[in-house]
1. In nm, what is the difference between 0.36 nm times the number of residues separating Ala86 and Lys295 and their Cα-Cα distance?
2. I'd like the distance separating the alpha-carbon centroids of the stretch 232-270 and the stretch 173-227, in whole Å.
3. Cross-link list Lys206/Lys254; Lys133/Lys223; Lys169/Lys223; Lys215/Lys254: which exceed 18 angstrom alpha carbon to alpha carbon?
4. Which FRET efficiency value, to the nearest 0.05, do you get for Arg275 and Gln96 by plugging their Cβ-Cβ distance into 1/(1 + (r/R0)^6) with R0 = 51 Å?
5. Given the DSSP H assignment, sum -39500 (n - 2.57) over each helix run of at least 4 residues in the chain and divide by its residue total; what's the result at 222 nm in deg cm²/dmol, nearest 500?
6. What is the chain's relative contact order, in percent, from Cα pairs under 8 angstrom and six or more apart in sequence?
7. When only alpha-carbon atoms are used, what values of Rg and Dmax, in angstrom, describe the stretch 132-294?
8. Hey, could you pull the Cα Rg and Dmax for the chain, both in Å?
Amino acid sequence: MAIPLGVADGILYVVLVLIALFTKNRKFIYIAAVTGTALTVAGYFLSPQGGEMWQVIANRSLGIFTLWMTAALCHVQHSHSEKMEAVHHELEEKVQQRTGDLIKSKAALERESTYVQLHKDIAVAANETRALKDTLRICLQRICAHAGWPVGHAYLPADQTSNLLEPAKVWSLEDPERFDTFLKISEATPLGPGVGLPGRVFASGKPAWIIDVTKDTNFPRAKLAKDIGVKAGFAFPLLSGERVLGVMEFFSTKAAEPDRDMMEVMEKVGIQLGRAVERQWAEEDIQNSNERLRKLYQRLELVR
């Protein structure tokens, strides 16, 4: 049994609508449906009559109905696909965001873990019985390794009552030959309160950071050589209460923006090391007192 001409044409035009569905553009679905409808109607006038008039009209109407039903179903399918793509995209974004958050959390946890370990190392070094400069040297090495900075140095007051900072001549150097110029300049440069990086820390009692010491107007050592070999610098005080007992300074070969987390950690480290300096000074006071008593006893023996 032959399919009436109108229905056969409609089925052919349905193929156009289905092809338009694969373009993933809703506009093409309706263009195909309108085109198929126009061609079906045009066929009514151009094709030879193959039966009763009412049959021809009914057949072509059925073809147009089939065409638009297909277009409607394609529209629904297209809308469903768009929603699924939107949901998939949203899920991907959430997964990426969650993954990013997890990576950041892991990095923060690892960094916090290294801070805790640094505190432990500094506490052990500060509490062990050894000369102050040996303690400072070990702590400089630990902090340089933790921060990844190649230069660490300490300044101490000339004496317990002095406001003049003198280089302690205690260093942590990744490459002694490379930083020899800076070492020699530093060891020949005492600093008063507010002068240079150590001086401003000594005056404020707070950590300080210089992005590029060669461009800083208050870093005298940068003016004493054409190339001192360092750029970024940060320093923190060794504290006993509000009293500054010394300053540790660290340098990088590249300019760097301030790291607030590191500065907060170093401020706490400075309190630990301040206790070590205070203990050393107390031991020196005891030794000096004993020495004075010994000399006094010797004079009394001579008088007898």
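Bear in mind that the values in this text are calculations on the coordinates, not laboratory data. Since we're looking at a predicted model, the values are computed, not measured. All Cβ positions, glycine included, derive from the backbone under ideal geometry; neighbour counts span all protein chains shown.
1. My answer for the length gained is 66.2 nm.
2. The two parts, judged by their Cα centres, are 13 Å apart.
3. Distance filter (> 18 Å) returns Lys206/Lys254; Lys133/Lys223; Lys169/Lys223.
4. Calculated transfer efficiency: 0.60.
5. Helices in the chain give a 222 nm mean residue ellipticity of -22500 deg cm²/dmol.
6. Answer for the chain is 13 percent.
7. Expressed in Å, the Cα Rg and Dmax of the stretch 132-294 come to 15.6, 55.
8. Rg and Dmax of the chain, Cα atoms, are 41.9, 155 Å.
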